[in-house]
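First the structure, in the form of structure tokens, and then the observations on it.
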Amino acid sequence: MRLICSILLVNFLIASAIAQRTTSGRVVDQKELPIPNVKIQESSSQNIAYTDDNGEFTLHYFTQESKITFSHTGYDTFRRTLPYNENTLVFLTAQVDNNPYHLGYSVGYLDFTNKNKNKNLQNMPYFLGESDINRQLQMLPGIEAGTEGYSNLYVRGGDVDQNLMLYNGSPIYNYNHIFGISSIFHNRSINNTKVHRGIAPAKYGGRSSSVISLESKKTGDYSGLNGEFEMTPLNAGLYIESIKKGKGYFTVAARRSWIDFLLPVESRQNNFNANIYDIQVNFGSVLKNKDKLDFSILNTRDLYFFAFQIEDSTTNADPVTYGFTQKWGNLVSSVKYTQHISSKTQAEHSIHYSGYSSTQALKQETFDLNSFAVPTVERTLTRGVRDIGLHSNWTHSLSNTHTINAGFQTQTRLILIGKDEYQSYDFAGQDDVNRITGNQKYDFTQEVTLYGEDKVRLNNDITLDLGLRSTYYTYQDFNKVVLEPRLHATVLLKNRDVFKAGYNRHNQFVNQLSVGATGGPGNLWVPATELVLPQKVNVLEAGYERKLNTDYSVSINAYLKTMANLTQVIDLTDASDADKDWQSAVTQGTGRSYGTEVLLQKSDGPFTGWISYAYSKSTRNSEDLSDKDFLFTYDRPHMLKLYVNYTRESSDWNFGLNYVVGSGQLFTLPIGKYRDINGQLQLEYDELNNYRSPIYQRVDISIIKLKKYYGLGQEWRFYIYNALGGRNPLFVNADFTDNSYTQLQVNRNYLAFVPGIAYIVKF
């Protein structure tokens, strides 16, 4: 009898296991935007699942034919029988009633997610007509441009190098063209942008301010080969895609400047030349077992050459020709394998290479009038980073309300501190040829990271994310282990409002020394050492979100950041010299940043966009720079930003407008001058960043004309940057009148009313 019962029990368990079904899919609205936190319930078993931030879900049940219910506040309840073991796309329709809070809510980290396929963002006004993802991000609260006209990103009182910029999972060490005027990313190829301004999941680390993750386009419906060709005053660009749903994809985005084509050949060879390009190639395939394989390549280059001659006819001195060359670029590649191990377990394995190099070359030629020789001196300085990394991330669903995420990362950096080459020779055939290679120093660093994150829904209203990163860092004889706790909580309030709060700790093991021009091509990346310790940042953040109606939503965030071991250059000459130890040219200090951000968005209708206000304060403290706290260079206490887009499907005209007003930029100006013991005039300073320029104000306008010509879609885009001619300074300098040591005269240089144009052909 026991044997019979055992056999029956085993048969029952086997049958139950065989009968288990799994349905997975994605829930979106009528615009195909994901809807987080949709409740999904199977009718017979009463099993429940919830969609994540991307609208995705997995539901387990035990019957072949059972109705599944999709419900969400503000949407009509949806019931249907779904096939098992298939990805299903479910559309929910928004309710039309008088409830002002019916649109639902988002659950996840305090971040900004941007789908670039949204036309409204594509219609944003751009500087010189160059579509730029960075300038979109600059219109968000808490993110500033820094210097007028540049596409740099300063997030909540952090510096540029404190942003972890990822392209398909690969880190980018310089994301600018033209010394910071535009970014290296082709806007058309970027499909998804996620920005974590403070609180971030445990899988992200290595930088202390923010995470900016860019993903190329990988999904869509097959429509043959399509794309677009674009021309701007600076570049010509091409984008091509071929995407077959459920099979694979192939995308190519490329741009090249045409400045050099417009210059005479003689000028290009002897006086001035510029060559700029970038290319992004991405392709992937869905395998038979529904696993995915993705490849990504990004290559960029900037090259500039400028030459001039000095000739003094009064002294009959030999004429001297100077030539300066600046070149930099990125080579980035990655391979990612997405593995569906089971209905509850998924893994992603990736490897990346990110290489960045910058070269400055100075050539001096002196024409000897007597011997007709041309003695020549050349000096070349090369710097850069080579980064190779592995990343394996595992996600396992313990239940419909409990998910564990864990993984490991390794990152190996080869940092070229400086390769200084000097050579001299004589074109007249003399034998006095010299070649000297100075300090060619490579610094090798290694990071090994383990992380884990436990996401559990305690009830229908409270979700907790508990995470921990542990990183082992080594550089020469310096070894360090750091722990980074991560805590994030989401609480659903009455009327489905959302309250979020979190704490993060971040450590940064690589720093950028600002020794070059704005945009950073000549800046120096250096490792954390025993003397220059890794940065350490603690972040506290809280936020509140409310859906006002189907069109409007509002969010309020508050944050506090404490920063330690911030690196600052104190001797620009020594930091720029490859033959000297850069550690002696820097100092470290502390910092503090806090603020509040309010964002009101409108997502539907002819008029869309947002308005935001941010109050913030960011300070620094360093004994070698000042005996008291001083304001961070890019501190902007008050900033109001407005973006408005007008689009009607029935009209061929679209319009966009940016409006920015707020506190002016900070500069360090002298307070007086005096004569030293040698009789030389010297400027006197009291503190850093002691002068704030007048209120910053800027209006940008875009006008887009759409038309069809020979079956091709065409767009004419007209832009005006700073349309009202606001007198916002690029930089400020100061001097004193000849007859007074106390009367200060401030000189400002402005960038006003800059037009732009773009012509686009879509095929």
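For segment 544-597, the dipole from Cβ point charges (+1 on Lys and Arg, -1 on Asp and Glu) about the Cα centre works out to 500 debye, to the nearest 20.
Could you give the length gained on full extension between K762 and T590, defined as 0.36 nm per residue of separation minus the Cα-Cα distance, in nm?
Details: separation 172, 0.36 × 172 = 61.92 nm, distance 5.09 nm.
Length gained, K762 through T590: 56.8 nm.
When you filter the chymotrypsin sites (Phe, Trp or Tyr not before Pro) in segment 644-712 for DSSP loop state and at most 10 other Cβ atoms inside 10 Å of their Cβ, you are left with Y710. Placing a pseudo-label 7 Å from each Cα along the Cα-to-Cβ vector at Y353 and Y674 gives an inter-label distance of 5.8 nm.
Cross-link pairs exceeding 20 Å between alpha carbons, from the set K363/K580; K580/K673; K441/K580; K500/K641; K194/K494; K217/K292: K363/K580; K580/K673; K500/K641; K194/K494. Rounded, prolate or oblate: pick one for segment 111-762, where a ≥ b ≥ c are the square roots of the eigenvalues of its C-alpha gyration tensor, a/c under 1.5 means rounded, and failing that, prolate if a/b is larger than b/c, else oblate. It comes out rounded by the Cα gyration axes.
With a cut-off of 12 Å between beta carbons, the residues surrounding P637 carry a summed charge of +1, where Lys and Arg count +1 and Asp and Glu -1. Working note: Karplus 6.51/-1.76/1.60 with θ = phi - 60° gives segment 322-333 the couplings 10, x, 10, 10, 10, 9, 8, x, 10, 10, 10, 8 Hz, where Gly and Pro are set to x.
Pairs of Cα atoms nearer than 8 Å and 6+ residues apart set the relative contact order; for segment 643-689 it is 26 percent. One chain, two ends: R79 and A564. Fully extended at 0.36 nm per residue, the span grows by 169.2 nm beyond their Cα-Cα distance. In order along segment 253-258, the phi-based Karplus estimate (6.51 cos²θ - 1.76 cosθ + 1.60, θ = phi - 60°) of 3J(HN,Hα) comes to 10, 9, 9, 8, 6, 10 Hz; Gly and Pro are listed as x.
Per-residue packing, averaged as other Cβ atoms within 10 Å, sorts the ranges 187-197, 600-610 into the order 187-197, 600-610, beginning with the highest. Distance distribution P(r), segment 462-568, all Cα-Cα pairs, bin width 5 angstrom from 0: 3, 10, 15, 14, 14, 12, 11, 9, 7, 4, 1, 0 percent.
A straight line joining the Cα centroids of segment 235-309 and segment 473-493 runs 36 Å.
For segment 111-762, the residue among G591, Y249, I570 whose Cα projects farthest onto the positive side of the dipole built from Cβ charges is Y249.
Couplings 3J(HN,Hα) for segment 284-291, derived from phi with the Karplus relation 6.51 cos²θ - 1.76 cosθ + 1.60 (θ = phi - 60°), are x, 8, 9, 7, 4, 8, 6, 5 Hz, where x marks Gly and Pro.
Between the amide H of N733 and those of N747, distances stay under 5 Å, these residues lying 5 or more places away or on another chain, with hydrogens modeled in the peptide plane.
Here the peptides 342-352, 324-334 are ranked by packing, the mean other Cβ count within 10 Å, and the order with the highest first is 324-334, 342-352.
No value in this document is a laboratory result; all are computed from the given coordinates. Keep in mind that this is a model prediction, so the values were computed, not measured. Counting neighbours? That spans all protein chains shown, and the Cβs are built from the backbone with ideal geometry, glycine included.
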